[in-house]
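Engineer: Before I ask anything, here is the structure I am working with.
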Amino acid sequence: MTTRALVLGGGGITGTAWQAGMLCGLAKRGVDLTEADLIVGTSAGSVTGALLRSGIGVEELYDMQQRPPLDTMDVHMSLLTTLRLAVELLRSGRDEELRGRRLGRWALDRAVHPDVPTAQARFAAMRARRVPDFWPDGALHVAAVDAQSGALRVFTRDDGVPLHRAVAASCAIPGAYTPVEIDGHRYVDGGARSSANADLARGHDRVVVLAPIDAPIPFSQTIVRQLRRIGATTDSMATPDRASRRAIGRDYLDHSRRGAAATAGVRQADADAERFASMWN
């Protein structure tokens, strides 16, 4: 029997919106990616994946991006935070766990600053965005990184961790949010390892990737390389085209661009639908 996986990469608030537009646009063209046997979610993708698995349809997911945000936490990626992230990434080289530890250490140090939202604020934001406590039916893997060991952690329903806590951990961007503590370990954004962690779809016959950001991490494996490593075709990946990148903007946490990013995703899906249909269907 053919198995299919949907990989949803990281990309902040606007990344979630763009994914919603792509999913809605593709569904209107007969490509229903929500039928995936497995959804892999990293950061923004973990939010999208959790909402899809919780029964929110793609049209409703798109409509949510056109309305005012449900959570009131207003965080932006400052230039200073972005530069510090770049420095830590460059110093880490190709060692994935060293990179996770360096970013985790910095995130833990930053956690004492009053301008960095707490983990409790992240939990509240996840609930406001309708991410439930329980894990719904359908396989969902949520990627995060242990802030102290640097190791990848993949949360599933078998772990006994509330879904909204796992998603908050996957979205805990170092420097922007405090790490999330779960069972005595503290976790940061799964994007600290890879922008999409596409290799977690290993073993599935067909893999589609919606990645708002493609390999922003210096020295890390690109999504294309991860797909090749697991034997998946690289033709089934979508990243924002030029128009979508303009709509998304430079600040991936900018709530005001959600509607434009989602609309750009729908438009881009029209161009990509035939390519995805020939593989997914």
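Engineer: With springs only between Cα atoms under 10 Å, which of 160, 265, 11 fluctuates most in a Gaussian network model of the chain?
Structural biologist: Sorting by GNM fluctuation, first place goes to 160.
Engineer: Now, a different point. Report in % the part of the accessible area of the chain that belongs to carbon and sulfur, leaving out ligands and nucleic acids; probe 1.4 Å.
Structural biologist: 49 percent
Engineer: Expressed as a whole number of Å, what is the distance separating the alpha-carbon centroids of the range 4-42 and the range 102-155?
Structural biologist: 20 Å
Engineer: While we're here: For the range 96-237, what log10 I(q)/I(0) values come out of the Debye formula at q = 0.10, 0.18, 0.22 1/Å, with one point per alpha carbon and no solvent?
Structural biologist: -0.34, -1.06, -1.36
Engineer: Now, a different point. I need the peptides 35-48, 103-116, 235-248 ranked by packing, meaning the mean over residues of other C-beta atoms within 10 angstrom, with the highest value on top.
Structural biologist: 35-48, 235-248, 103-116
Engineer: Let me ask something additional. Give the peptides 138-144, 20-26 in descending order of average Cβ contacts within 10 Å, highest first.
Structural biologist: Working: 138-144: 25.0, 20-26: 27.3.
Going by the mean number of other Cβ atoms within 10 Å, highest first, we get 20-26, 138-144.
Engineer: If I require 15 Å or longer along the helix axis, counting alpha carbons, and a Kyte-Doolittle average no lower than 0.5, what helices from the chain are left? Use full DSSP H segments.
Structural biologist: Working: long enough: 12-28 (24 Å, 0.62); 79-92 (20 Å, 1.01); 96-110 (21 Å, -1.43); 258-280 (29 Å, -0.32).
Helices meeting the span and hydropathy rule in the chain are 12-28, 79-92.
Engineer: Across the chain, how large is the tail of the calculated P(r) beyond 30 Å, expressed as a percent of all Cα pairs?
Structural biologist: When every Cα pair of the chain is considered, 21 percent fall beyond 30 Å.
Engineer: Per residue, how much accessible surface does the range 138-264 expose to a 1.4 Å probe? Answer in Å², no decimals.
Structural biologist: Per-residue accessible area for the range 138-264 comes out at 38 Å².
Engineer: Treating the range 135-209 as a set of equal point scatterers at the Cα positions, no solvent, please give the Debye-formula log₁₀ I(q)/I(0) at q = 0.11, 0.13, 0.27 Å⁻¹.
Structural biologist: Summing over Cα pairs of the range 135-209 leads to -0.27, -0.37, -1.30.
Engineer: Hey, another quick one. Out of the DSSP beta bridges found with both residues in the chain, what percent are antiparallel (nearest 5)?
Structural biologist: Expressed as a percentage, antiparallel bridges in the chain total about 35.
Engineer: Please compute one quarter of the surface area of the Cα convex hull for the range 223-281 and express it in square nanometres.
Structural biologist: Values: hull surface 19.9 nm².
Computed as one quarter of the Cα hull surface, the answer is 5.0 nm².
Engineer: With a sphere of radius 13 Å drawn around the Cβ of residue 58, what net charge do the other residues whose Cβ falls strictly inside it have (Lys, Arg +1; Asp, Glu -1)?
Structural biologist: Result for the neighbourhood of residue 58: -2.
The values are calculated or read from the model by the stated rules, or taken from the named source; none is laboratory data. These numbers come from a predicted model, not from an experiment. Note that we place each Cβ from the backbone using ideal geometry, even for glycine, and neighbour counts take in every protein chain shown. Protein only, heavy atoms only, side chains kept; ligands, DNA and RNA dropped before computing areas. Shrake-Rupley method; radii C 1.70, N 1.55, O 1.52, S 1.80 Å.
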